[in-house]
Each structure stands twice: as structure tokens, then as C-alpha cells.
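Chemist: What follows is a single structure, and I will ask about it in a moment.
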Amino acid sequence: METTVRDLMTSPAVTCAAETSLAAAAQAMQTAGTGSVVVTEDGKVAGILTERDLLQATAAASRPGGEPVRLWMTARPDVLGPDERVDAAWASLTSHRYRHLPVVEGGHCIGVVSLRDLMRVARIRPAAETSEEVPAGLEGVVVAETTVGDVRGMQGFFHYRQYSAVELAERRSLEDVWHLIFEGELPGAAASTAFAETVRARRALPAGLSSLLPSLAGRGAPLDVLRTAVSVLGAELGWRPTHDIGAPELHDQAVTLCAVVPTILAAAHRLRDGHEPVVPRPDLGVAANYLYMLTGTEPDPAHARAIEQYMILTIDHGFNASTFTARVVTSTGADLGAAIVAAIGALSGPLHGGAPSRALDMLDAIGTPDQAEEWVRAAVRDGERIMGFGHRVYKTDDPRSLLLRSVAESLGGPLVAFSQSVERTTVDVLAELKPGRKLYTNVEFYAGVVMHTCGIPREMFTPTFAAGRTIGWCTHVMEQASHNRLIRPAARYVGPPPPQPVPPAG
Ligand SMILES: CC(C)(COP(=O)(O)OP(=O)(O)OC[C@H]1O[C@@H](n2cnc3c(N)ncnc32)[C@H](O)[C@@H]1OP(=O)(O)O)[C@@H](O)C(=O)NCCC(=O)NCCS
């Protein structure tokens, strides 16, 4: 017999009135374990409010819980009849990009059907019948919804919340952008000061981690030390699974983690070099304090601002591998430390974050501007990649590279002039030898130049990237935890056909 909507729907539907507060509606959803609430008036369907609406409300307002459902619901949604067939319901949901539809009989709402309900039916069929082919590396596959930010590769544009990330880096401090990304809005003057005071007060290493760090620091690269130190931090501060804690507790942990990471990195670097760690200074901004803790001397303000701009530009960048990793781990309900340790692991690979010093190594290998053309030609002819050029998403100038090039220009110096000359030569040679591939500098080319010019040693390039990116990872962890569903995709089995008889042991 044909499966119908009635067989799958959740009944009765969770309902509320249009004037119910978002907080009460969210509570009702949570209690019932549903992803939507149907808004009724005189027993008739007036709207539907979904998890996605709640997410958007949370992102748009600083105190959304008190607002009425009416402001965020989809009014007069399409509805389904209980006797409609599942494939018709599927077509209706997917063609309108709905996640939930009310089921109506005799003018009254008798239930709700969701994509998730329909997927239950899809799942019992063999995978070959139901799943679409996905490209290798999940390129272009949408796996989540987010209000944190996005990348528009063809336009050379990326944004945090509703603002251009480049404009934010030009006009605001890292702490203000951190506030934007955590709280959903740019702070005014008073909130900016209050937020800076809060985060600066959390920079010190907890005692247990502080006493362990000297033995950790000698045992690996700074990023590996950070990975272990974040585990220690979470254990020392007693971080519990995100599944078991509320949003305020997770937010509090995230603020501490982002504040402490630069301190861990600077201390690990100094201990490795045989120096004592430098105690953080609350009067300095994030980047200035980071440079101060690395070197022990107060940095040139131009250097501090350059590193601050670099860190702002690299807080978040779409669903890159480490961000996705953090969200997958969070989706299991694991604690914040586990998610960030996993993200650091993903970032450490050379195809993700492990390459910024390679562009500088290449400039060393080229040596002088007059050797650039020959060097690049030979490398491309040998099938090598020119480090700091090309991008999976940007097929035009990488906006981060454009800003970092102007930051480098303002800092000046022989390395900057040399790198600009190598950039011009390389773009021309790549256009000739790889026509139509649209290969320009990516973030890593000028990131290395800027960091080097500001006195950051090469082995600290990727860790510095991680220090800013932790803010982005934590934001995604909070977003995932606030509307969680276990991320559990499927794989197509392509091995020898089962079941084969199991041979006896021996
Ligand atoms: C970033 C990167 C991995 C993106 O790769 P991608 O989107 O998968 O691009 P593809 O590997 O499909 O390359 C497309 C073509 O451009 C060429 N190409 C891409 N980047 C190149 C580079 N940096 N130098 C020379 N050729 C390059 C490839 O050889 C390929 O040519 P083909 O069509 O003749 O085979 C790649 O550009 C790269 O390896 N860059 C150098 C490393 C780097 O800077 N990494 C930091 C990234 S932020």
C-alpha cells in the first residue's frame, strides 16, 4: 500500500498563538522534540515557525526571546492533506525549499510533516535509489545553514554576518569583530569597551596548564602544543558536553578559549626557545598583546594593526575543513574543547592551514626579482604549484590578498617590494602557461610577507592563523549546539559483495 502523509506525520502538531514569545515557542519545540511549531488562530493554520526562523531571529536580535512568534513565522504556509502520497509531499517540500509543512484535514491542523519524516522513508530504500551523486571533496554541497558568514568566490567577496569582512578589517578592531561574530551585532562605544574588558581579563593561563606547558612546549610544533593545551584547558576548567549545557555556559567557555589561545601560543613559542613566557597585558588589544607576549617588547603600533587586520580577515571563511570538523564534533554533543582540538587537527594539514610559510620559502628560493620569471616558468613546466597562488573558491582576486597587499605596502621594506615584483611576474607567467585558470595570489602570499615584516617567526604563521580562526570555530560550535542534529552522512559501499561466509579462525 502506498505510504501517505498520514503515516509519517507527527501528530498532534505542536501549536502556539501568533503572540506567543519566541522563547516559549522554542521551549515547546524542545520539549516535544520537534523542529517546528504551527501557529494557529481559531483552530486554523495562520503560520509556521521553524528552527531556521529561530536561528535567524537569534542572529538578527540581541534579545530575541521576548519577541512574538508573529514577527518570525512564515505566514499562511502551504499545507498538505493527510492522504497525499509521500512523493507528492516530497516534491512540495523540496521545490519550495520548505523543511516542515502543516497537515490539514477539515480546515484544522492535525499534524506536521517534515523533510526529516520523509527522509525516514527514503532511508529504508537501497542507497542507490535515493542518494544523489556528490562530488569528491563535497565541493559545492550545502551541508548546513549558517548566519555566521559566507564567501562569494566569483565576486571576490566574503562577509561576517551582514558586513563585508574586508571593510570590517579596515574600520574596526578585532575585539569589535569578535563581538559582532559572537553576539550578532557590532558593539557601540560602551559595549565595545565592556567586551574588551571582559575578554582581556580572561587571557591568563590557568595554573594547571601553566605548569604543564614547559614540558609540552619542547615536544612539538606550536600548533601541536596548542592542540594538546586546549585539551588540558577543557579538562582543567571542567568543560562539560555541549549536549548537557545551555547557551550561556558554552558562550562563557568560548570567550575564555578565544582569549587564552594567543597566550598559549606565545608561551609555547618562548618556552621552546628557552625563554620565560611573558604575562599578558590588559591594556593592549589582541594583536598588540600577542606580539608583546611573543617578543617581550611592546610592538610598533603599525605592526600590531597589520596583524590585527590579518587576524580579522581570517576569523571565518565559509565551510572550510576545520570549521566543518568543529561542527561535526559538536553535533555529537561533545564539549567545546573536543571540537576545537579536532578543528586544530584539520587546520594542521598542508592543504588547509599548514602552508603560509611555504610562500615565503618560495621567495627565498627565487632570491632576486630578475630570477623570478625563469624560476616560475621552470616550476610550472615541472608540474609544481606556485605557493600562494590559486584558490578553490576565488576565481578572481582573493579579497584577503588585496587588503594584505595594501597592508604590506604601508609597512614597506625590501621583502614587500620583492614580493610585489614576484607577484606581477607570476600572474603573467601563469596566465601564459595556464591560460583560463584564473590564478591570482591567495591569502597566504601576502600573509607570510606581512607576518614576517611584523616580526612573527615562520613556525608561528599557522598558529597565528589558528589564534584568529578560533573565534570563527567557536561561533560555529555555538550555532551548531543551538540547533543541533547529529551529522551522520552515508557512504556508498563498493567492496566485495556481502555476505560472504566467514572462514573459521586459523
Ligand atoms: C589552492 C589550490 C589547492 C586550489 O586548487 P584547485 O581549486 O583544486 O585547483 P586545481 O587543482 O583544480 O587546478 C586547476 C588548474 O590550475 C593549476 N593551478 C592551480 N593552482 C596553481 C598554482 N598555485 N600554481 C600553478 N598552477 C596552478 C593546476 O595545475 C590546474 O592546471 P591544469 O588544468 O593544467 O591541470 C591550488 O591553487 C594550489 O595548490 N595552490 C598552491 C598552494 C597554496 O597556495 N595553498 C594555499 C591555499 S589558501
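Chemist: Can you tell me which residue is nearest to Asp398 (Cα to Cα) among those in the stretch 434-455 that are out of contact with any Ser or Thr (no Cβ under 9 Å at 6 or more places or on another chain) and near the ligand (Cβ under 8 Å from one of its atoms)?
Modeler: So the residue we want is Arg437.
Chemist: Is it the case that Tyr440 is in contact with a helix residue (DSSP H, G or I) (Cβ under 7 Å, 6 or more places away or on another chain), aromatic (Phe, Trp, Tyr) and open to solvent by 40 Å² or more (accessible area, probe 1.4 Å)?
Modeler: Here the answer is yes, as Tyr440 does meet what is asked.
Chemist: With respect to Ala268, determine if the residue is in a helix (DSSP H, G or I) and in contact with a Phe, Trp or Tyr (Cβ under 8 Å, 6 or more places away or on another chain).
Modeler: no
Chemist: Looking only at residues in the stretch 355-379 that are assigned to a loop (DSSP other than H, G, I, E, B) and either more than 9 Å from the ligand (Cβ to nearest atom) or open to solvent by 50 Å² or more (accessible area, probe 1.4 Å) (or both), which one is nearest to Thr228 (Cα to Cα)?
Modeler: Only one residue tops the list, namely Gly367.
Chemist: In addition: Mind listing whichever residues of the stretch 181-206 are in contact with an Asp or Glu (Cβ under 6 Å, 6 or more places away or on another chain) and surrounded by fewer than 16 Cβ atoms within 10 Å (Cβ to Cβ)?
Modeler: Correct list: Pro206 only.
Chemist: Then there is this: Could you list, in sequence order, all residues of the stretch 308-333 that are part of a loop (DSSP other than H, G, I, E, B), of a type outside the set (Val, Ile, Thr) and open to solvent by less than 30 Å² (accessible area, probe 1.4 Å)?
Modeler: Within the stretch 308-333, Asp316, His317, Gly318, Asn320, Gly333 qualify.
Chemist: Looking at Arg76, Arg63, Arg70, Arg85, which one is open to solvent by 60 Å² or more (accessible area, probe 1.4 Å), under 28 Å from the mean Cα position of the chain (by Cα) and either closer than 24 Å to Gln480 by Cβ or modelled with pLDDT of 80 or more (or both)?
Modeler: Every option except Arg63 fails the conditions.
Chemist: Identify, please: which residue in the stretch 380-403 is part of a helix (DSSP H, G or I) and closer than 21 Å to Arg469 by Cβ and is, among those, most open to solvent (accessible area, probe 1.4 Å)?
Modeler: Leu402
Chemist: Would it be correct to say that Glu423 is part of a helix (DSSP H, G or I), at pLDDT below 95 and not basic (Lys, Arg)?
Modeler: When the stated conditions are applied, Glu423 does not pass them.
Chemist: For the stretch 194-222, give me each residue that is within 25 Å of the chain's Cα centre (by Cα) and at pLDDT below 95.
Modeler: Those that are within 25 Å of the chain's Cα centre (by Cα) and at pLDDT below 95: Ala221, Pro222.
Chemist: Here's a follow-up. Looking only at the stretch 149-163, how many residues end up being more than 13 Å from Ile315 (Cβ to Cβ), at pLDDT 95 or above and open to solvent by less than 40 Å² (accessible area, probe 1.4 Å)?
Modeler: Residues flagged as more than 13 Å from Ile315 (Cβ to Cβ), at pLDDT 95 or above and open to solvent by less than 40 Å² (accessible area, probe 1.4 Å) within the stretch 149-163 amount to 0.
Chemist: Pairs needed: first member in the stretch 388-399, among the β-branched types (Val, Ile, Thr); second member anywhere, in a strand (DSSP E or B); C-beta distance under 7 Å; at least 6 residues apart or different chains.
Modeler: Pairs that qualify, where the first residue is among the β-branched types (Val, Ile, Thr) and the partner is in a strand (DSSP E or B), are Val393/Val151.
Chemist: Still on this structure: Between a first residue in the stretch 341-353 that is open to solvent by less than 30 Å² (accessible area, probe 1.4 Å) and a second residue that is within 9 Å of the ligand (Cβ to nearest atom), which pairs have beta carbons less than 6 Å apart while being 6 or more apart in sequence or on different chains?
Modeler: Leu347/Gly353
Chemist: Next question. May I ask you to verify whether Ala254 is of a type in the set (A, V, I, L, M, F, W, C), under 22 Å from Glu479 (Cα atoms) and surrounded by fewer than 16 Cβ atoms within 10 Å (Cβ to Cβ)?
Modeler: no
Chemist: While we're looking at this one, here's another question. Please go through the stretch 284-299 and pick out each residue that is open to solvent by 40 Å² or more (accessible area, probe 1.4 Å) and in contact (Cβ under 8 Å) with a residue 60 or more places away in the chain.
Modeler: Thr295, the sole residue that qualifies.
Chemist: Assess whether Ala91 counts as being exposed (fewer than 14 other Cβ atoms within 10 Å of the Cβ) and either modelled with pLDDT under 85 or within 31 Å of the chain's Cα centre (by Cα) (or both).
Modeler: Yes, satisfied.
Chemist: Inspect all residues belonging to the stretch 478-492 and state whether any of them is modelled with pLDDT of 95 or more, more than 11 Å from the ligand (Cβ to nearest atom), among the aliphatic types (A, V, I, L, M) and open to solvent by less than 10 Å² (accessible area, probe 1.4 Å).
Modeler: no
Chemist: Now, a different point. Is the stretch 400-419 home to any residue that is of a type in the set (Val, Ile, Thr) and within 12 Å of the ligand (Cβ to nearest atom)?
Modeler: The answer is no, given that none of the residues of the stretch 400-419 is of a type in the set (Val, Ile, Thr) and within 12 Å of the ligand (Cβ to nearest atom).
The values are calculated or read from the model by the stated rules, or taken from the named source; none is laboratory data. Computed from a predicted model, the values in this text were never measured in an experiment. When we count neighbours, we look across all protein chains shown, and the Cβ atoms used for this are built from the backbone with ideal geometry, even at glycine. Surface areas here come from the heavy atoms of the whole protein model, side chains and all, with no ligands, DNA or RNA. Shrake-Rupley method; radii C 1.70, N 1.55, O 1.52, S 1.80 Å.
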